[in-house]
1. Give me the number: length gained by fully extending residue 204 to residue 176, i.e. 0.36 nm times residue separation minus the C-alpha to C-alpha distance, one decimal in nm.
2. To the nearest 0.05, how large is the calculated FRET efficiency for residue 76 and residue 234 if R₀ is 22 Å and r is the Cβ-Cβ distance?
3. Just report the Cα centroid separation between segment 123-151 and segment 180-243, whole Å.
4. Residue 59 label point, 7 Å along Cα→Cβ, cut-off 14 Å on backbone N: hits in segment 141-179?
5. Give me the orientation-averaged projected area of the Cα convex hull of segment 109-252, in nm², one decimal.
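Read the figures in this text as sums done on the coordinates, not as results from a lab. Keep in mind that this is a model prediction, so the values were computed, not measured. Methodologically, a virtual Cβ is constructed for each residue, glycine included, from the backbone with ideal geometry; neighbour enumeration extends over all protein chains shown.
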């Protein structure tokens, strides 16, 4: 056998070995011998793997918390904007009635007309107060409901993250025990990877279940709007009756 033939056979064996290794990686199937090629030192490198896992957990938790805070801040902004509009509405009602009262008082000539104007003011002030109290109560209920929704979502997210962390810690603990017990590297790593993937899958599932509490927010908004609608209708009814009574007192 010539030197050329020996060299060709050695190269051929290397090519076959490399081909087998690439085939294993491509198909994702691992035998004991294949695992020795791909991951020969799982237990020796476990601490490094755990360090990388911890970094990923911290990163994932940070992203989750950031998104959570952004969504909850949007809810708070919506709530605060509603409060600001309510305050503006109250102020407009108060400043809008004062000029009307002055004009009526200037037109009242007889004692009967003056009494009627005074009664009108009393009825209107009571109507304004009733509407203000109703709207304030509805706004308070709305704020409390939004705060409750935020608290529920915070609790659900915290629980999901805690379960995720606990699952990963359990996977690490199991891997360390397997390495101490000299479980075959393939089995130890396969168990570890499967546990980590399950933890991630459960976290994603929990996130989907939590979701954005749109139905709860819509329900709170609908209750608030319904209360406002009723308060405004009651106010209009009282104001219309007061207007008619005042008109009669002026003989019109």
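1. Working: separation 28, 0.36 × 28 = 10.08 nm, distance 2.60 nm.
That works out to 7.5 nm of additional length.
2. On the way: r = 30 Å, r/R0 = 1.37.
For residue 76 and residue 234, the calculated efficiency is 0.15.
3. So the two Cα centres are separated by 25 Å.
4. none
5. Details: hull surface 43.0 nm².
With the hull built on Cα positions only, its mean projection is 10.7 nm².
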